[in-house]
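Participant: The following block contains the structure, expressed as structure tokens.
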Amino acid sequence: MTLLDFARGPALYAATLIMVCGLVWRLTGVALLPFRRDLAASGPNAKGRVSGALWQVVSRSFPRRSFLGRTMVTVTIGYAMHIGLAVILLGGAPHILLVTQATGLDWPALPKGIVAIASGVTLVSLLLVILRRLTHPVLRLLSNVDDYLSILLTLIPVLTGILLAEETLLPYETLLTWHILSVEALMIWLPFGKLAHVVFVFAGRAALGARQARKGALQ
Amino acid sequence: MSPMPPSRAPKIAPATRRIAESRSQEDQTRLDAAMRGFITDFGPEAATWMEACLHCGQCAEACQFYVETGDPKYTPIWKIEPFKQAYNRQMGPFAPLFRMFGLTPSVSLGQLEHWQELLYDSCNMCGRCTMVCPAGIDIADLVEKARHGMFDAGLVPPDYLGALAGKERETGSPFGIAPNAMRDSLLEIGEKHGVEMHVDEPRAEVVPAVSSIDLKMYPDSIAATAKVLNHIGVRWSFMTKGFDADNVSLTAGDREGQKIVTEAIVAAATDCGAQVLIMPECGHSYTEMRWEAANTVGHALPFRVLHMSEYLAEALEAGQLHLRPVPKDGQGHGVTFHDPCQVSRRSGRSDAPRRIMQALGLDLHELADHGPDSWCCGGGGGVALIGRAKTLRNHAFDIKKRQVAETGADTVYVTCTGCRQTFEHGFKDAGAETGVGSLLDLVAEQLDEKEKTS
């Protein structure tokens with residue numbers, strides 16, 4: 001078995017298993033805590049808990065105008081990185097092919113040039129994220145190993161992906177192997193660290209939305 | 001989860017003194033008490049928020065303590081860092097892994113003592129950070145839980161917050177005012193202001209709770225409450241068996257004291273068959289009674305809880321409250337209004353005071369950030385009651401002072417006793433001449449008895 005076979009086979013299954021089980025474990029550990037029924041009367045402008053949760057999940061994706069003057073840099077870099085990642089994952093032909101092989105679902109790929117630009121934007125954004133964590137007083141204070149590891153584990157697949165798409169620097173098979181292995185490293189770390197925000201960011205918003213909707217104080 | 005390597009952990013200087021009252025307790029016992037206190041009320045909601053932080057730092061930009069000082073230690077989510085560490089090590093879904101691999105250092109008592117300033121002196125629990133957080137983390141709620149832990153470990157600042165909370169737990173009032181003394185004071189205020197007082201009536205539809213701070217500093221507001229309720233013509237009464245609306249215990253983190261105060265008010269209002277309990281112009285006490293009291297006593301309340309501004313707005317709408325418009329000042333300065341965080345941002349009632357101001361015909365010049373976006377006055381969350389926090393509080397107040405100045409208004413109206421105090425002290429310390437007024441007092445001055453009788 002070559003390293004590529006290993007990456008495509010057992011390593012992929014193991015990484016998927018760890019990611020799914022880890023996330024389920026982390027979510028279950030939180031969800032199974034005793035839930036206290038709120039006995040307070042709802043507010044005069046109250047909305048339903050579910051609609052409040054859903055509304056907050058969506059609305060928090062857009063920065064509030066009153067804060068934007070002070071948070072513009074963070075918001076811009078964050079948007080660039082996440083949109084870039086979405087374009088790469090959902091628009092890149094090889095990624096669509098992978099999904100098609102696994103599920104049968106298929107959709108048209110974006111032109112290679114657009115995916116290449118998105119990859120570049122994502123890479124630069126990730127480098128800026130690291131730079132800001134190292135230099136901004138607040139981010140330097142808050143940042144820990146988890147933060148840097150999570151960024152690095154996101155950056156490596158993007159970098160190896162760009163090299164792979166351009167078929168440069170190293171042989172195609174070698175690049176493909178390291179690209180797949182780097183994605184698997186990301187998948188393995190995902191449930192344990194900050195990368196789990198793919199789930200918890202939305203869970204956090206939903207929890208707040210449900211509570212504030214009952215009060216009639218959704219923002 | 002937030003593993004923090006020791007290299008990046010804050011340098012903890014040995015505590016110069018034990019701040020806590022419970023000095024004799026062993027450190028470990030106090031640490032255990034702190035962690036138990038923190039997680040006692042933990043449900044899926046709070047745990048989700050503990051897992052959701054991205055360390056994006058945006059909450060700092062919403063906090064006036066950071067914005068005005070530029071000191072990163074005032075970043076809201078950093079204020080609960082020791083409790084995040086403890087959560088990861090002891091309670092989080094991967095706690096065994098964190099302990100096994102030493103991914104997060106254990107929390108020390110010295111660390112908690114160091115954090116006292118961050119959790120008490122520099123947090124108004126105003127929830128502005130909650131509003132900016134992309135993960136929807138209610139940091140204000142987590143700070144409240146962290147204060148439970150700090151209180152249980154004997155780490156509440158003693159001057160004056162801890163002292164007042166202690167007195168409140170002991171007597172039911174932060175100033176130790178006994179029910180009969182309260183009754184005498186209320187009757188005296190009525191006599192002095194020529195207002196008919198109703199105290200301890202056997203039956204009452206409306207019960208206003210009383211802030212001891214109003215009693216000490218703003219008795220006019222108590223007279224104004226009576227005057228307005230007499231004007232509305234409702235059957236009302238102060239109840240001295242449970243009157244203390246300040247609930248200092250809540251901001252100190254004393255759950256037991258909080259419960260004692262809440263239960264007394266609920267019992268007093270229930271006994272006289274109240275349909276409405278009015279919380280005076282005090283923000284945190286309103287939050288407690290409006291959103292927590294039912295959970296504290298274990299059943300739905302048999303009456304509605306309204307902030308004074310909500311009650312007045314409802315009375316206006318029902319045609320029970322008749323007001324004369326305030327004459328326009330000749331120079332067109334107009335007035336501005338400060339939204340109390342707990343009523344506006346946290347409870348969604350920015351509309352009520354504005355309806356009243358509209359009825360009064362006030363020339364309202366809104367602050368640049370108003371309604372739910374309003375900055376806290378800097379005194380909320382018990383900060384106004386911490387003597388040593390004065391300089392920091394005044395720093396935090398600077399943003400408010402600037403925004404008030406930008407409106408050109410010569411008077412700021414408030415609907416919260418704590419905010420009123422902070423504004424008065426803040427303007428005085430800054431040598432500003434801007435006036436500070438209570439909206440309730442203004443309503444009482446502008447009652448239109450003629451319109452009512454016609």
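Participant: For region B:323-351, how many residues are within 14 Å of another protein chain (Cβ to nearest Cβ), farther than 17 Å from B:Cys419 by Cα and surrounded by 16 or more Cβ atoms within 10 Å (Cβ to Cβ)? Let's see the steps before the verdict.
Facilitator: Step one: filter region B:323-351 for residues within 14 Å of another protein chain (Cβ to nearest Cβ), giving B:339-351.
Narrowing further to those that are farther than 17 Å from B:Cys419 by Cα: B:348, B:351.
Now restrict to residues that are surrounded by 16 or more Cβ atoms within 10 Å (Cβ to Cβ): B:348.
Residues in region B:323-351 being within 14 Å of another protein chain (Cβ to nearest Cβ), farther than 17 Å from B:Cys419 by Cα and surrounded by 16 or more Cβ atoms within 10 Å (Cβ to Cβ): 1 in total.
Participant: Among (1) at pLDDT below 95; (2) open to solvent by less than 10 Å² (accessible area, probe 1.4 Å), there is one condition B:His307 misses while meeting the rest; what is its number?
Facilitator: (1) is the only condition that B:His307 fails.
Participant: Could I ask something else about it? Which is of a type in the set (A, V, I, L, M) and either at pLDDT below 95 or surrounded by fewer than 24 Cβ atoms within 10 Å (Cβ to Cβ) (or both), of B:Ala274, B:Ala267? Show your work before the answer.
Facilitator: Working: B:Ala274 fails: either at pLDDT below 95 or surrounded by fewer than 24 Cβ atoms within 10 Å (Cβ to Cβ) (or both).
Going through B:Ala274, B:Ala267 in turn, the sole match is B:Ala267.
Participant: Note down all Cβ pairs under 7 Å where the first residue falls in region B:361-374 and is under 24 Å from B:Gln331 (Cα atoms), the second is open to solvent by 50 Å² or more (accessible area, probe 1.4 Å) and outside any loop (DSSP other than H, G, I, E, B), and they're at least six residues apart or on different chains.
Facilitator: Once the first residue is under 24 Å from B:Gln331 (Cα atoms) and sits in region B:361-374, its partners that are open to solvent by 50 Å² or more (accessible area, probe 1.4 Å) and outside any loop (DSSP other than H, G, I, E, B) give B:Ala368/B:Glu406.
Participant: Is it the case that some residue within region A:159-167 is within 21 Å of B:Thr48 (Cα to Cα) and not β-branched (Val, Ile, Thr)? Spell out how you get there, then give the answer.
Facilitator: Of all residues in region A:159-167, those within 21 Å of B:Thr48 (Cα to Cα) come to none.
Scanning region A:159-167, I find no residue that is within 21 Å of B:Thr48 (Cα to Cα) and not β-branched (Val, Ile, Thr), so the answer is no.
Participant: Checking the structure you have, find out if any residue of region A:16-30 is in contact with a helix residue (DSSP H, G or I) (Cβ under 9 Å, 6 or more places away or on another chain), within 11 Å of chain B (Cβ to nearest Cβ) and either among the hydroxyl-bearing types (Ser, Thr, Tyr) or open to solvent by 50 Å² or more (accessible area, probe 1.4 Å) (or both).
Facilitator: yes
Participant: Kindly indicate the residue of region B:77-113 that is among the aliphatic types (A, V, I, L, M) and under 21 Å from B:Asp141 (Cβ atoms) and also nearest to the other protein chains (Cβ to nearest Cβ) among those meeting that condition.
Facilitator: Initially, region B:77-113 is screened for residues among the aliphatic types (A, V, I, L, M), giving B:77, B:80, B:86, B:91, B:95, B:97, B:100, B:103, B:107, B:109, B:112.
Still in the running and under 21 Å from B:Asp141 (Cβ atoms): B:77, B:80, B:86, B:91, B:107, B:112.
Numbers: B:Ile77: 7, B:Ile80: 12, B:Ala86: 15, B:Met91: 9, B:Val107: 15, B:Leu112: 18 Å.
The extreme case among them is B:Ile77.
Participant: Where residues in region B:367-385 are within 14 Å of B:Asp246 (Cα to Cα) and either in contact with a Pro (Cβ under 7 Å, 6 or more places away or on another chain) or of a type in the set (A, V, I, L, M) (or both), which of them is surrounded by the fewest Cβ atoms within 10 Å (Cβ to Cβ)?
Facilitator: B:Ala384
Participant: Follow-up. Quick check on my filter: what residues within region A:134-149 are of a type in the set (S, T, N, Q) and more than 7 Å from chain B (Cβ to nearest Cβ)? Spell out the reasoning first.
Facilitator: First, the residues of region A:134-149 that are of a type in the set (S, T, N, Q): A:135, A:143-144.
A:Thr135 - this is the single residue of region A:134-149 that is of a type in the set (S, T, N, Q) and more than 7 Å from chain B (Cβ to nearest Cβ).
Participant: What residue, of B:Glu196, B:Glu201, B:Glu168, B:Glu205, is farther than 25 Å from B:Tyr311 by Cα and not hydrophobic (A, V, I, L, M, F, W, C)?
Facilitator: Numbers: B:Glu196 fails: farther than 25 Å from B:Tyr311 by Cα; B:Glu201 fails: farther than 25 Å from B:Tyr311 by Cα; B:Glu205 fails: farther than 25 Å from B:Tyr311 by Cα.
From the options B:Glu196, B:Glu201, B:Glu168, B:Glu205, the qualifying one is B:Glu168.
Participant: Among B:Phe83, B:Phe98, which is the only one that is of a type in the set (A, V, I, L, M, F, W, C), in contact with a Phe, Trp or Tyr (Cβ under 6 Å, 6 or more places away or on another chain) and open to solvent by less than 10 Å² (accessible area, probe 1.4 Å)? Even if it seems obvious, please write down each step before you answer.
Facilitator: Numbers: B:Phe98 fails: in contact with a Phe, Trp or Tyr (Cβ under 6 Å, 6 or more places away or on another chain).
Selected residue: B:Phe83, the only one of B:Phe83, B:Phe98 that is of a type in the set (A, V, I, L, M, F, W, C), in contact with a Phe, Trp or Tyr (Cβ under 6 Å, 6 or more places away or on another chain) and open to solvent by less than 10 Å² (accessible area, probe 1.4 Å).
Participant: So which of A:Ala102, A:Ala80 is away from chain B (no Cβ under 12 Å), under 19 Å from the mean Cα position of the chain (by Cα) and assigned to a helix (DSSP H, G or I)?
Facilitator: Values: A:Ala102 fails: under 19 Å from the mean Cα position of the chain (by Cα).
Checking each option against the conditions leaves just A:Ala80.
Participant: Which one of B:Tyr74, B:Tyr66 is buried (at least 23 other Cβ atoms within 10 Å of the Cβ), touching a Leu at 6+ places or on another chain (Cβ under 9 Å) and facing another protein chain (nearest Cβ under 10 Å)?
Facilitator: Details: B:Tyr66 fails: touching a Leu at 6+ places or on another chain (Cβ under 9 Å).
It is B:Tyr74.
Participant: Among what's in region A:178-202 and is under 24 Å from A:Gln56 (Cβ atoms) and open to solvent by 30 Å² or more (accessible area, probe 1.4 Å), pick the residue that is nearest to the other protein chains (Cβ to nearest Cβ).
Facilitator: Residue satisfying both the conditions and the ranking: A:His197.
Participant: When you scan region B:394-419, how many residues do you find that are open to solvent by 30 Å² or more (accessible area, probe 1.4 Å) and basic (Lys, Arg)?
Facilitator: The number of residues fulfilling the criteria is 2.
Participant: Give me the pairs: first residue in region B:296-322 and among the aromatic types (Phe, Trp, Tyr), second residue assigned to a loop (DSSP other than H, G, I, E, B), beta-carbon distance under 8 Å, and six or more apart or on different chains, which are they?
Facilitator: B:Phe303/B:Ala274; B:Phe303/B:Gln275
The values are calculated or read from the model by the stated rules, or taken from the named source; none is laboratory data. Quick caveat, the model's predicted, so the values are computed rather than measured. Virtual Cβ from ideal backbone geometry, glycine too; neighbours counted across all protein chains shown. When the accessible area is computed, the model is the full protein with side chains, heavy atoms only, and any ligands, DNA or RNA have been set aside. Shrake-Rupley method; radii C 1.70, N 1.55, O 1.52, S 1.80 Å.
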